[in-house]
Each structure stands twice: as C-alpha cells, then as structure tokens.
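Down below is the structure, laid out as structure tokens.
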Amino acid sequence: MSDRPAPIRIEDLVDPVLAPEIVQLMEQTAPMADEIELTPEAILGAAAAQTGLGDFGPDEFRAPLEVLCHALDTEADHSPMGRVSSFSQLAAFAANRLRIEQYIKDHPDALDVPIDRPIVIAGMPRTGTTHLHNLISADPALRSLPWWEALEPVPPPEEAGTAEGRIERAKNGLAIQGTAMPHHARMHEMTWDHVHEEIHLLAIDFSTMLFDCMGVLPSWRSYYKDHDQTPHYRYLKRILKVLTHQRGPRERWVLKSPQHLEQIGPLMNVFGDATVVFTHRDPVSITASFATMICYSARLSANYPVDVSGIGQWWAQLIQDMLQSCADDRDLVPPEQSIDVLFHEFMADDVAMVERIYKLADQAFSSDVEAAMTAYMADHPRGRHGRVIYDLSDFDMSSQERRQALSFYTDRFAVELEH
C-alpha cells in the first residue's frame, strides 16, 4: 500500500484561504506598498544602498528594466504584497548584479574560465525537465545550479568564500513559501539544495521570461519577444564564468529552462557547442497543470478574487507561442548536438534515456554515474508529496479547443496524446 498522500484538487484558486501567519504578514506589508516606486532609479538605488556598490557593469539591462518597471506599475493586478514583493525581487537581482561585477573586478581572471559544451534541457514545465535535470545533476562530474546559489550567486563580503548564510536564507524563504502555498510541493518540489533553472541568473540582466510569472504584462511580453536576447545570454555566460571560478573545478554545466524553447537562436549564438535536449509532452496536459501552478502562486501577489480565467488563458497563449517558436526554430540546433525526448519514452526508462543523452553529448556514463542517479531516485521518489488534479475548465478553457490549437506541435514532434 502506498503511503503517498491522496490526489487533491485545489479549490481556492479564486478566493485563496491562507494560513493566519501569512494573512498577518500581508497586513503588516500593506502600508509599505504606497511608498514603493517601481522605477529603475528606485530599484538600482536600493541595491546600491544594500551593497555599498555602484558599478552595474554593461548597460544592456537598462532598457528592458525600464519597460518591465512600467509594465509592473501599470498593468500588473498586484495586491499591496505583490507590489512590495516585485520591488524586493528586482532590487535583489540588481544587488546580485553589483556583487557579480565587483567579483569580476576583484578576480578578472574569472572571465577567462571556459564554459564549454553545456548540456541544455529545453522543455516546458511538466514535460519531465525537472526529473531529467535532477538525474543529470546527480553526476558529480557535472556542474549545476542549486537554489541557494541561484538566489545569491555571489555572497556579501562578510560571507566571502562561504555558502552557509545563503543556504540559511534560502531555507527561510522556502519555509515561508511552504506555509503560504502548502500544495506547491505536489506540483514542483523545492528544497534549498534543489537544482534550479538558470532563469534567475538571466533575470540579473533583466530580460527573461521569468518576469511573465510576475503578472499579466502585455507590454513587457511584447518588448521581450521583439528584441534579440543574444546580449542577455552573453551575460548569462558571464555569470556562469563567475560561478565556476568561485566553486570550480567542474566546467561542464547542465542547464535547463523553458525559456530556451523560444530563444533557440540566441542560445546557440552564445553556447554554440551545446548539446540541447528538447523534451516533449502533450501540451494540453502542460497547459492545465502550469496554469494551475501559476494561479496558485498568484495568491501571494494578486488582488482577490484572483482572475484565474484571465491568468490561465494568458498562459495558454504564452505556451502556444513558445511551442510555435520551438517548432519553427528546432532545426537551428544541428542533429549531432540535439535530441528530442518524448515524455512517455522517458518515463518508461529514465536512466536509459539519460545514457542516450550522454552518448550524444560525449559524456562518460559509468557505473558510478548510474549509481549516483539511482541513489538520487531512491532518496527523492517521484510524486512523494502527492498529486494535484488539473482541469482546464478551471480557466474556462476546453481540451478540444486547445487540442486543435496545438496540433501543429503534436504533429511536428509525434507527441503521444494523454486525453
């Protein structure tokens, strides 16, 4: 008999029921919202005051930050807590940028570190990307990004050369998240040492699809899609050099983000020797589950009642756009550097699929590597927190309409349909 929790359906997406301590936190935070200025000047000023630094490095980030601030200020349906959180998050990215640039000043040889032949996982959430990322990251020969390091790539000066302070702050943040969103682990488990996407690193250059998760922001989305992201991928590489220099000596990275699906050109412009793993799953299932996760997270930032239908349909279109970009640009990655992984095949034999990826990437797959992956799975069984039941009707959408709209993708990649 399984001891895993029974599946649930989240019933309070529109009118969230929060723990008393989270309600209290929101009430305490609310008066601060009126004082918040969502402007580049205020955000960069807060970061400078926090760090005592002033050199933000290359200026490519300033134009997207301006657009983002205006979108958050005028388009996001933010609660007071959401407004304060947005400002705090952007200020944290700016502070990280200052510390990265200072690290480069102190250690100019960091920019000489090679970032060669990364293994890059490009796929939508719910397509097995997290499991695949975790399996490959269990290999001690490869370098990946833990959550604590994604949040603070370079420590403050008083913690130089250590990780303990950053780990403790990551743990504290996850504890608050767990109280506010107790079902989040059912959809996407996170721990302080959880392997994370580099999307938080891309945010340090203020141009990434991560900001789509901060609200329905049409002007930001339009700007992001209309501008070449190559300079921002170059800044990502700059950060990876710093991280490798800090915690070497492993130099081959395993990366992962859904963003890469619609940025295949910029990805290959900067990481031209990458092995790219494209993961594919029924996009109707992806839409239902990801829309649920986004709306569940919105309880911490949106005004109530949460516009679940509007948010869900906005993300349905984003997902469709990203999959269209993937279908259009997939062949920009040469066959000898890429592989398409279908979800049902990966689930049938996950380790065998990793071995196929390693062969393509010319990465050694030894018995020790396989043992490390097996040990990871034993310690982190899939679904151990239980499942969530997803339903497109929660967002006033139908499977039939989405199936038809997304047939270009399922036909292109021979995706097995689940409904």
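Odds and ends about this structure:
- Matching residues, the range 129-146, being outside any helix (DSSP H, G or I) and not small (Gly, Ala, Ser): Asp139, Pro140, Leu142, Arg143, Leu145, Pro146
- Selection from the range 379-419 of residues that are of a type in the set (Ser, Thr, Tyr) and over 23 Å from Tyr296 (Cβ atoms): Ser407, Tyr409, Thr410
- With respect to (1) over 25 Å from the mean Cα position of the chain (by Cα); (2) surrounded by 18 or more Cβ atoms within 10 Å (Cβ to Cβ); (3) charged (D, E, K, R), the lone exception for Asp349 is condition (2).
- Pick from the range 1-11, criterion part of a loop (DSSP other than H, G, I, E, B) and touching a residue at least 60 places away in the same chain (Cβ under 8 Å), ranking: farthest from Val388 (Cα to Cα): Arg4
- Residue selected from the range 66-113 under the condition among the acidic types (Asp, Glu) and assigned to a helix (DSSP H, G or I), by the criterion surrounded by the most Cβ atoms within 10 Å (Cβ to Cβ): Glu101
- Residues in the range 22-47 that are exposed (fewer than 11 other Cβ atoms within 10 Å of the Cβ) and in a helix (DSSP H, G or I): Gln28, Pro31, Glu41.
- Filter result for Phe206 (among the hydrophobic types (A, V, I, L, M, F, W, C) and either closer than 23 Å to Met26 by Cα or touching a strand residue (DSSP E or B) at 6+ places or on another chain (Cβ under 6 Å) (or both)): no
- Selection of helices (runs of 4 or more DSSP H) fully inside the range 326-406 by the criterion of at least 3 residues being within 27 Å of Val270 (Cβ to Cβ) returns 350-361.
- Meets criteria (without any contact (Cβ under 8 Å) to a residue 40 or more places away in the chain and of a type in the set (Phe, Trp, Tyr)) for Tyr224: no
Every number here is computed from the coordinates shown, using simple stated rules; none is lab data. Here the structure is a predicted model, which means the values were calculated and not measured. All Cβ positions, even for glycine, are placed from backbone atoms using ideal geometry, and neighbour counts span all protein chains on display.
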